[in-house]
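Working notes, beginning with the structure itself.
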Amino acid sequence: MTRKFFGTDGVRGTANTYPMTAEMALRLGAAVGRYFRRDGSNVHRVVIGKDTRLSGYMFENALTAGLTSTGMNVLLLGPVPTPAVGLLTPSMRADLGVMISASHNPAHDNGIKFFGPDGFKLSDEAEMEIEALVEAGVEPAQARNIGRAQRIDDGLFRYVERVKSTFPEGRRLDGIKVVVDCANGAAYRAAPEVLWELGAEVIKIGVSPNGLNINEKCGSTAPRTAAEAVVAHGADLGICLDGDADRIILIDETGAVADGDQLMALLASRWAEEGRLKSGALVATVMSNLGLERFLDGKGLRLERTGVGDRYVVERMRAGGFNLGGEQSGHIVMTDYATTGDGLMAGLQFLAEMVRSGQRASTLAKQFETVPQLLKNVRFSAGQVPLEEAKVQAAIQEAEADLAGNGRLLIRKSGTEPLIRVMAESEDEAILTAAVDHVVAAVEQATAS
């Protein structure tokens, strides 16, 4: 199955460059509007949220034009986290949810993600059908049937109240000092508000978006700023979100960083003890550390692995009846509460365990010893297919042979950026480094030619 412009998380790219142009957004809006109006009924709604990128205004207007041209009524939420769109789509009886965001990418990128009426991201098959409609074009609605658009002022409030409801009843965060880094992104209002209303003392950073500074030296992909703030303020915990707040990276009181694997290990073991972990399993991607798998085995639990992308994690969770999953990068999916990764909700679950157990973040965020893991990225240009080069394939086979019985190798093309990701794990760090460097050198040579 080959998709032309949908990646692992919607359509994404540099703003004003194909496929992330206003024209494409208009065509996408018309196509997805027609796709969700196939039942012939007269009342159709779509909710649209966005993060804080400057180009969000352009795409919001273009999508609105395309959607209303097919008779969809558009409800504009303004800047809200991605999980808010997943929540509000079914809550507002909408046929479709749209999030305009490039997540952790820099400000010059943007993206468009679609959610079905159940609040879950669309399947590969649905995206293929929408691509076909984009290419074929769609018949617009008659003039009297054009849709309307209106701003929804309380969407953020609804999301904040939902997030707070996931914190255990009767518990508060009094006496806990939290640094929250909102990446100058979609949660710049929601995250500090939720933490403060639950009783925490909040130190806010990354809460001054100007359209161009989202994820810039802050947030989950650049946690050093938050780590320094945690140490400087003597905070108990740091919470780093990304631009659309669907992922989280934790900082303990010493300034040490904990990724999604450690948080998933904590939640899985705790939920299992409480009888809340469905089917005795956690769903994570092939990127999750081997140490997580060993930790779960020791608890009598299973790790179900999927391809990279929180959408594939969610699909496996729904198919297998699991309620906890996520990614090492910080997407934590708890389907008892949300339809997609939610960094703020995940942070509250960690804080709840701090309150319940009385333990410090440094103890709770170190659930297992990681197997040494090395990840390197190689950028490639449009039209290049370095993984198909014979020399690259040979290098991969040689690296796999070196790691056989002593680790694993994972090579993949990023679904959100023009990158080849080369990752390996091994307890022999010399073999690990040599294997990754060998493959990276071959890919770099292929992209330079």
Residue 315, sole failed condition from (1) open to solvent by 20 Å² or more (accessible area, probe 1.4 Å); (2) in contact with a Gly (Cβ under 8 Å, 6 or more places away or on another chain); (3) over 19 Å from residue 365 (Cβ atoms); (4) outside any loop (DSSP other than H, G, I, E, B): (2)
Breaking point among (1) under 27 Å from the mean Cα position of the chain (by Cα); (2) open to solvent by 70 Å² or more (accessible area, probe 1.4 Å), for residue 425: (2)
Subset of the range 77-105 [in contact with an Asp or Glu (Cβ under 7 Å, 6 or more places away or on another chain) and either small (Gly, Ala, Ser) or open to solvent by 20 Å² or more (accessible area, probe 1.4 Å) (or both)]: 79, 90, 101, 102, 103, 104
The listed residue being of a type in the set (Val, Ile, Thr), in contact with a helix residue (DSSP H, G or I) (Cβ under 9 Å, 6 or more places away or on another chain), over 26 Å from residue 249 (Cβ atoms) and open to solvent by less than 10 Å² (accessible area, probe 1.4 Å), out of 74, 11: 74
Hey, residue 275 of a type outside the set (A, V, I, L, M), touching a helix residue (DSSP H, G or I) at 6+ places or on another chain (Cβ under 8 Å), surrounded by fewer than 17 Cβ atoms within 10 Å (Cβ to Cβ) and over 22 Å from residue 408 (Cβ atoms) or not: no
Residue 348 being under 15 Å from residue 83 (Cα atoms), at pLDDT 95 or above and more than 16 Å from the chain's Cα centre (by Cα): yes
Failed criterion for residue 8 (all others in (1) within 17 Å of residue 134 (Cα to Cα); (2) modelled with pLDDT under 95 hold): (1)
Among (1) among the small types (Gly, Ala, Ser); (2) touching a residue at least 60 places away in the same chain (Cβ under 8 Å); (3) over 26 Å from residue 15 (Cα atoms), the one test that residue 187 misses: (3)
Checking residue 406 against (1) surrounded by 14 or more Cβ atoms within 10 Å (Cβ to Cβ); (2) farther than 30 Å from residue 253 by Cβ; (3) in contact with a Ser or Thr (Cβ under 6 Å, 6 or more places away or on another chain), the condition it does not meet: (1)
Every residue from the range 59-74 that is of a type outside the set (Ser, Thr, Tyr) and more than 21 Å from residue 188 (Cα to Cα): 61, 62, 63, 65, 66, 67, 71, 72, 73, 74
Test: residue in the range 151-165 that is crowded, with 18+ Cβ neighbours inside 10 Å and among the small types (Gly, Ala, Ser): yes
Sole exception among (1) closer than 14 Å to residue 343 by Cα; (2) touching a helix residue (DSSP H, G or I) at 6+ places or on another chain (Cβ under 6 Å); (3) acidic (Asp, Glu) for residue 242, by number: (2)
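The values are calculated or read from the model by the stated rules, or taken from the named source; none is laboratory data. The model shown is predicted, which means the values in this text are computed figures rather than measured ones. Every residue, glycine among them, receives a Cβ derived from its backbone with ideal geometry; neighbour counts consider all protein chains shown. These accessible areas exclude ligands, DNA and RNA; they are computed on the full protein's heavy atoms, side chains included. Shrake-Rupley method; radii C 1.70, N 1.55, O 1.52, S 1.80 Å.
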